[in-house]
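S.K.: I have a structure here, written as structure tokens, and I will follow up with some questions on it.
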Amino acid sequence: VDASENQMQGSEAIIRDIADNLFVVYTGQSAEKYFVHRSSTNKGDTWSSAVNINAGASRQTGLIINSTNDLFGYMVVGLTEYDEWLYSTSKDNGTTWSSLIANSKIGDGGKIVRDPVCVVNSLDDVYCVFRIGDGSNNFYITNSTGGGFNEEYTINASLIDYDVEFDIDNTFYISGVDLDNDVVLWQNDTDWHRVFDSTLGATQTAMAID
């Protein structure tokens with residue numbers, strides 16, 4: 001990406017729609033650290049001018065797209081004492097974006113939000129996994145099924161790193177590395193349970209949920 005207008009800095013997220021258009025969001029390196037969007041209609045040979053989605057200090061950005069090509073961009077803003085999780089949507093391929101929306105269901109009570117990862121299923125439900133700065137490494141989940149996000153809930157399992165995805169049947173999976181450096185996989189079909197551990201192999205350990 002030609003980033004001469006607004007230098008790229010970390011947390012880039014590039015996605016593709018069904019027409020092979022590319023979309024990217026990232027944190028600009030200007031003093032304002034804008035949350036920036038660009039798109040390409042020729043498989044990345046050239047890119048649109050930068051569209052600044054916000055004018056606050058953003059980091060840990062991400063982008064997903066649903067079945068009707070609506071874009072959902074998200075980020076963490078703030079410094080150290082309180083980091084807020086915000087999102088914005090676009091229904092015109094990123095030309096215009098909604099006002100930033102604070103996810104009021106997470107980060108309440110001064111929680112410091114860390115490492116959000118969002119994914120959309122075939123029903124266009126959005127699920128987001130994140131941590132908070134409480135030192136526990138537990139991860140938290142919130143979801144939206146058509147209008148705002150639901151209350152967060154906690155999976156009591158310590159993870160250093162993780163990723164999320166849905167399978168063809170819309171079963172939700174979280175893969176990650178735990179504090180023992182084992183690769184682990186959780187599945188939510190009827191409830192959350194661990195289905196694989198690189199040390200133990202296949203397992204069906206139930207997960208505690210708050």
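Only the coordinates and a few stated rules stand behind these numbers; no lab work does. Since we're looking at a predicted model, the values are computed, not measured. All Cβ positions, glycine included, derive from the backbone under ideal geometry; neighbour counts span all protein chains shown.
S.K.: Once you place label points 7 Å from the Cα toward the Cβ at ILE160 and LEU123, how far apart are they in nm?
M.R.: 3.5 nm
S.K.: Additional query: In nm, what is the difference between 0.36 nm times the number of residues separating ASN69 and HIS193 and their Cα-Cα distance? Let's see the in-between values first.
M.R.: On the way: separation 124, 0.36 × 124 = 44.64 nm, distance 3.20 nm.
Here the segment from ASN69 to HIS193 would lengthen by 41.4 nm.
S.K.: Let me ask something else about it. Using a simple spin-label model with points 7 Å from Cα along the Cα→Cβ vector, what separation in nm is obtained for ASP182 and SER99?
M.R.: My value for the distance between the label points is 4.8 nm.
S.K.: Using R₀ = 35 Å, calculate the FRET efficiency as 1/(1 + (r/R₀)^6) where r is the Cβ-Cβ separation of LYS91 and TYR153; round to 0.05.
M.R.: Numbers: r = 29 Å, r/R0 = 0.84.
Computed FRET efficiency for LYS91 and TYR153 comes out at 0.75.
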